[in-house]
Structures are given as C-alpha cells and as structure tokens.
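Undergrad: Submitted below is the structure of interest, expressed as structure tokens.
The values are calculated or read from the model by the stated rules, or taken from the named source; none is laboratory data. All values reported here derive from a predicted model rather than from experimental measurement. With ideal geometry, Cβ positions are generated from the backbone for all residues, glycine too; neighbour counts draw on all protein chains shown. Please note that ligands, DNA and RNA were not included when accessible areas were found on the heavy atoms of the full protein model with its side chains. Shrake-Rupley method; radii C 1.70, N 1.55, O 1.52, S 1.80 Å.
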Amino acid sequence: MILEHATLTIHPDGHEAFLAAYPQLWAHLMESAGCRSVDLYPSVDRQDVYLLRVAWDTLEDHTELFPASEHGRAVLAILQEHVVSVGVVHFSGVPVDLSSWSGATGADL
C-alpha cells in the first residue's frame, strides 16, 4: 500500500464550493481501481490549504491507471475548477519499525 499526500491550495474564498464538490470527488476516488481510502484535512495555519490523503494498493494504481480512467478524468475536472495548485508526495504505507533500533525504548524517544 502507498499513501498519496496531495496538498491542495484552493481559490481564495472558495471553501464552500470546494467542500460542496468534495463528496463527488471522494466518490470518484473510492470507485477507482486500487483506491482503499480517502480523507481530507483542512490546514490549521493556512486557510486555503487542504491535505488530501489517499491510500492506494500500488503506486501504479495512482500514477498509471487512475489518470487514464473515467474517474481520474472526473477528479481532475473537479480539481481544476477549485484548486490553484497541487503538490503530491507518495509514501510507503508501512511505518518505520522502531523495534529494529537497538536500545530504543519509549523513554529514549
């Protein structure tokens, strides 16, 4: 599993329209091959920024299959209407294993 973190900067004063479109965006993502979950988080220090976190089975599900799909095109259309800029980073869905660090204890961390 991989985690896509997309930082979305929306149009100023576009919160209501963006949030009204989010259920449709969520549905298209969730119906996409390889999509496991979708969450949207508002920034606490930048009012026009949201974090869209999407879990995918594989990187290829997001970067190759999704853009060419009907759902991918629908998501792109929604984003183009509401978003000024997007930054995307992909992460492994496997957290760092602290048990492999010799001598690490809860008090050390």
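Undergrad: Go through the range 11-55 residue by residue and tally those that are on the phi > 0 side of the Ramachandran plot and loosely packed, with under 13 Cβ neighbours inside 10 Å.
TA: 1
Undergrad: Quick one: in the range 68-109, which of the residues that are among the charged types (D, E, K, R) and modelled with pLDDT of 85 or more is farthest from His28 (Cα to Cα)?
TA: Start the filter on the range 68-109 by keeping residues that are among the charged types (D, E, K, R), which leaves 70, 73, 81, 97, 108.
Imposing the further condition that a residue be modelled with pLDDT of 85 or more reduces the set to 70, 73, 81, 97.
Details: Glu70: 9, Arg73: 9, Glu81: 15, Asp97: 33 Å.
It comes out as Asp97.
Undergrad: Okay, moving on. Just the residues that are open to solvent by less than 80 Å² (accessible area, probe 1.4 Å) and under 15 Å from Thr63 (Cα atoms), please, taken from the range 1-10.
TA: Matches in the range 1-10: Ile2, Leu3, Glu4, His5, Ala6.
Undergrad: Something else now. Any residue at all in the range 56-74 that is under 21 Å from Gly14 (Cα atoms) and open to solvent by 30 Å² or more (accessible area, probe 1.4 Å)?
TA: no
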